[in-house]
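Okay, structure first, notes after.
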Amino acid sequence: MDFKFSSRVPNVDNDVVGEILKVAGDPEIISFAGGLPAPELFPVKEMHEAADKVFEKHGAEALQYTAAIGNPHLRELIVERMQTNKEVTTTVDNVCITTGSEQSIDLVAKMMVDKGDVILVEKPTYLCALDVFRSYGAKVVGVDMDEEGMKMDALDEKLSEYPDTKFIYTIPNFQNPTGRTMTAERRAKMVELAEAHGVTILEDDPYGEIRYSGVAVPPVKHFDKNGTVVYMNTFSKILAPGMRLGWIVADKKFIDMFVVMKQSADLHSDNLSQFIVAQYMEDNDLDKHIKAISDVYYERASLMLKEIDEQFPAGVKHSNPEGGMFIWVEVPGNVNTMDLFNNCVKHNVAFVPGEPFYPDEVIPGTFRMNFSNMKADQIHEGVRRMAVAIDEMMK
C-alpha cells in the first residue's frame with residue numbers, strides 16, 4: 001500500500017539519530033549516546049507503596065476518565081514546589097498536567113506555529129524540539145551561545161531581524177546538549193527583550209533540579225510579570241520517565257487554549273500515574289530523593305570530566321556542567337563528526353554527533369556525551385576508547 005503521508009511525517013530513510021541510537025544499543029558498545037536517567041535510582045519501593053494506597057483509597061476514580069487539565073491535588077503540589085523550589089508564584093488554574101515535556105513542546109508548537117513562522121532557539125539545542133518545530137513548518141533560527149547560555153546581544157539582533165518571531169525556545173538549566181546554564185542577568189534580559197518585541201518565551205526546564213554544584217538560579221519564569229513565559233517541566237528526570245508526566249505553567253488565557261488542544265490530542269494524561277505521583281509526593285521527601293540523584297550524577301560527571309582531561313588529545317574542549325546529564329565536546333580542526341562517530345563505533349564506543357542539534361549552520365567536531373546512566377568502569381574504559389579514536393581522526 002502506498003500511504004499518502006503528510007509533509008509532517010519525517011523521512012525514515014534519513015533517520016540519522018535513529019540509526020545512531022540503534023548502533024549505540026549494541027551490547028558490545030559502551031554508549032554515551034543516550035539521555036537516560038539511572039534506573040537504579042528510581043524509587044521503585046516507594047512508588048509501589050504509593051500505588052497500593054491509590055488503589056485502596058481511589059481505585060475506581062484513578063481508573064476513570066478525568067479532566068484534561070489534570071489531577072487537582074497534583075497541580076496543587078506542583079504550585080507549592082514552583083513557589084518553594086523555583087521562586088515562581090502561580091495558581092492551580094495556571095498549571096496543566098501533560099504527557100511528559102514532549103507533549104508540551106508539541107502542543108505549544110501546534111498552537112502557535114503556522115508554516116514559515118520563525119522560532120528562535122539556542123545554537124545548538126534539543127534535537128527532538130527541532131524535529132517538532134520543523135514538522136509544523138517553522139523556520140528555526142539559531143542564536144549564538146557561550147558558556148553562560150544564550151547571548152542576549154545576539155538574541156536582540158535576531159528579534160530585530162525577525163520581528164514576527166512566534167516564540168523563543170530556551171533550556172536555561174544544564175542545557176541539552178551542552179550542559180550550560182544561563183546566568184540570572186541573561187534570564188532577566190531575555191524577558192525584557194521578549195516583552196519589548198512582543199514575543200513569547202517557551203522555557204524548557206527538565207534538568208533544573210538536578211544541580212550538584214554552583215548556585216541555583218531562578219527560572220526565566222521567575223522574572224516574568226506579564227505572562228510572557230510559558231514554563232515546562234517533567235517528572236521524568238526527578239522520579240521516573242516511564243510515568244510519562246510533566247506540567248506546564250502559563251498565563252490563564254494560554255492554559256485555557258492549551259487544555260482545548262490537549263483534549264483533542266489525548267483527552268488527558270494518564271490518570272493513574274497522576275494519582276500515584278501525588279501520593280508519592282505526599283508520603284516521601286522528594287527533595288531528599290533529588291539530592292540522592294544529584295549526588296550520584298556529580299560523581300559520574302566529575303569522573304567523566306577527569307577522564308576527558310587526562311585522556312583526550314590536547315586541544316579538545318568540553319563544557320563544565322553544574323548539573324543535568326550532559327557534557328558537550330569540541331574537537332579542534334575541521335573534523336567530520338559522523339566520520340568520528342563511525343571510527344568510535346569501530347572502537348566499541350558511541351556518542352551523539354553534534355549535527356542533529358544545530359538549527360542551521362553546523363559546527364564540525366562537536367558531540368554530546370551522557371554520564372547519568374554510566375558506571376565508573378564504563379566511563380573510564382569508554383573515554384579511553386574515544387581518546388584513541390579521536391587521536392586517529394586528528395592525525
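The values are calculated or read from the model by the stated rules, or taken from the named source; none is laboratory data. None of the values given here were measured: they were computed from a predicted structure. All Cβ positions, glycine included, derive from the backbone under ideal geometry; neighbour counts span all protein chains shown. Please note that ligands, DNA and RNA were not included when accessible areas were found on the heavy atoms of the full protein model with its side chains. Shrake-Rupley method; radii C 1.70, N 1.55, O 1.52, S 1.80 Å.
The figures follow:
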{"item": "Output for the range 337-362, where each listed residue is touching a residue at least 40 places away in the same chain (Cβ under 8 Å) and in a loop (DSSP other than H, G, I, E, B)", "result": "His347, Asn348, Phe351, Gly354, Tyr358, Pro359, Asp360, Glu361"}
{"item": "Candidates Asp360, Asp295, Asp309 - the one that is within 20 Å of Leu130 (Cα to Cα) and open to solvent by 20 Å² or more (accessible area, probe 1.4 Å)", "result": "Asp360"}
{"item": "Qualifying positions in the range 369-395 - open to solvent by 20 Å² or more (accessible area, probe 1.4 Å) and within 26 Å of Phe42 (Cβ to Cβ)", "result": "Asn373, Lys375, Ala376, Asp377, Gln378, His380, Glu381"}
{"item": "Glu355 vs. criteria more than 30 Å from Leu239 (Cβ to Cβ), out of contact with any Phe, Trp or Tyr (no Cβ under 7 Å at 6 or more places or on another chain) and surrounded by fewer than 17 Cβ atoms within 10 Å (Cβ to Cβ)", "result": "no"}
{"item": "Failed criterion for Ser213 (all others in (1) open to solvent by 20 Å² or more (accessible area, probe 1.4 Å); (2) part of a helix (DSSP H, G or I); (3) small (Gly, Ala, Ser) hold)", "result": "(2)"}
{"item": "Selection status of Glu147, over 23 Å from Val259 (Cβ atoms), touching a His at 6+ places or on another chain (Cβ under 8 Å) and in contact (Cβ under 8 Å) with a residue 60 or more places away in the chain", "result": "no"}
{"item": "The range 113-133, residues that are more than 24 Å from Val352 (Cα to Cα) and surrounded by fewer than 19 Cβ atoms within 10 Å (Cβ to Cβ)", "result": "Asp114, Lys115, Gly116"}
{"item": "Some residue of the range 259-269 being among the charged types (D, E, K, R) and either open to solvent by 70 Å² or more (accessible area, probe 1.4 Å) or not assigned by TED's automatic domain parsing to the domain that holds Lys237 (or both)", "result": "no"}
{"item": "Counted residues, the range 184-209 - those being crowded, with 24+ Cβ neighbours inside 10 Å and in a loop (DSSP other than H, G, I, E, B)", "result": "3"}
{"item": "Output for the range 339-380, where each listed residue is farther than 26 Å from Gly323 by Cα and under 23 Å from the mean Cα position of the chain (by Cα)", "result": "Asp360, Glu361"}
{"item": "Identity of the residue in the range 247-301, in a helix (DSSP H, G or I) and of a type in the set (Gly, Ala, Ser), that ends up nearest to Lys375 (Cα to Cα)", "result": "Ala301"}
{"item": "Elements of type helices (runs of 4 or more DSSP H) contained in the range 1-99, each with 2 or more residues being open to solvent by less than 60 Å² (accessible area, probe 1.4 Å) and of a type in the set (Gly, Ala, Ser)", "result": "16-24, 44-62"}
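Listed here are the residues, each with its yes/no results for (1) assigned by TED's automatic domain parsing to the domain that holds Glu28; (2) under 13 Å from Ile29 (Cβ atoms); (3) at pLDDT 95 or above.
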| residue | (1), (2), (3) |
| --- | --- |
| His347 | yes, yes, yes |
| Pro356 | yes, no, no |
| Pro359 | yes, no, yes |
| Asn370 | yes, no, yes |
| Gly382 | yes, yes, yes |
| Met386 | yes, yes, yes |
